[in-house]
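Structure record follows, encoded as structure tokens.
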Ligand SMILES: Nc1ncnc2c1ncn2[C@@H]1O[C@H](COP(=O)(O)OP(=O)(O)OP(=O)(O)O)[C@@H](O)[C@H]1O
Ligand SMILES: [Mg+2]
């Protein structure tokens, strides 16, 4: 049997090391995906109480409208016009409830895909539709300042919405710790330097101590009793993977300001 020379042995060892490295990398990627998924489920879970409360209303209305519709049809002669109106209301309410469920499903189950052509304003509106009942419940009013005619960005809808969801929940959490003053959440979009869109999330909470603005993004850094401290760390990785930047600063006159950029989709802007 031919003996392998020292160089060949080294080469084999190197290849083995490489495949080991690749395996470790794949494992790390998988772990990151699972962590991000767990974070989305936790975030949605935090909204679940408010959302299910909100969903009671269309369900109750549907029950009432169904009875009304049936009663109208049982009349002699049947009042078809009234029945039709009742059934129209059922269609509207159930459609709206179905939309909410679909969005939750999308965020909880959908595996991230990359490189969608994404309208950031639309993605933000969808997240807000899920988070607005939680904002209401905490006495937070939401202001939207979305720039018109923004170019689409390139990215993954689920991931970008996850960033928004985390920032919005953090802002609501922060403001629910302060008793005085208005609780206002402002979300704005703008065109940043050419080629990037800027999203800003401002709150009127206690704000962030300057010495903490970097630590916030570290994994497991949390000041909340039930927090995992993963939210901002995941937001940071998502924005970075999209070629953008996420940072925190002080809001004026008080509270925190989180901003991130996302590159414009070159396929569309070209
Ligand atoms: N808008 C904000 N205002 C003030 N402090 C904030 C704000 N957003 C985040 N923080 C601080 O940063 C910490 C880390 O936030 P992060 O979202 O990473 O974790 P978390 O919200 O504590 O837990 P979770 O993993 O559930 O998101 C928070 O615990 C809080 O102390
Ligand atoms: Mg958080």
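The values are calculated or read from the model by the stated rules, or taken from the named source; none is laboratory data. Predicted model, so just to flag it, every value in this text is computed and none were measured. Reconstructed Cβ throughout: ideal geometry from the backbone, glycine too, with neighbour counts over all protein chains shown.
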- Item | Restricting segment 189-217 to residues that are part of a loop (DSSP other than H, G, I, E, B) and more than 15 Å from residue 170 (Cα to Cα), the residue that is farthest from ligand 2 (Cβ to nearest atom) | 194
- Query: How many of the residues making up segment 173-188 are within 15 Å of ligand 2 (Cβ to nearest atom) and either more than 21 Å from residue 137 (Cα to Cα) or in a helix (DSSP H, G or I) (or both)?
  - Reply: 3
- Message: Being surrounded by fewer than 19 Cβ atoms within 10 Å (Cβ to Cβ) and touching a strand residue (DSSP E or B) at 6+ places or on another chain (Cβ under 9 Å): is that true of residue 148 here?
- Response: no
- Message: Going by what's in this entry, would residue 229 be described as under 15 Å from residue 171 (Cα atoms), within 6 Å of ligand 1 (Cβ to nearest atom) and crowded, with 17+ Cβ neighbours inside 10 Å?
- Response: no
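A quick yes/no check of all residues on (1) at pLDDT 90 or above; (2) away from ligand 1 (no atom under 14 Å from the Cβ); (3) within 21 Å of residue 123 (Cβ to Cβ); (4) not assigned by TED's automatic domain parsing to the domain that holds residue 161:
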| site | (1), (2), (3), (4) |
| --- | --- |
| 185 | yes, no, yes, no |
| 189 | yes, yes, yes, no |
| 197 | yes, yes, yes, no |
| 211 | no, no, no, no |
| 221 | yes, no, no, no |
| 224 | yes, no, no, no |
| 239 | yes, no, yes, no |
| 263 | yes, yes, yes, no |
- Task: Go through segment 1-47 and give me each residue that's more than 16 Å from ligand 2 (Cβ to nearest atom) and either touching a residue at least 40 places away in the same chain (Cβ under 8 Å) or assigned by TED's automatic domain parsing to the domain that holds residue 171 (or both).
- Result: 32, 33
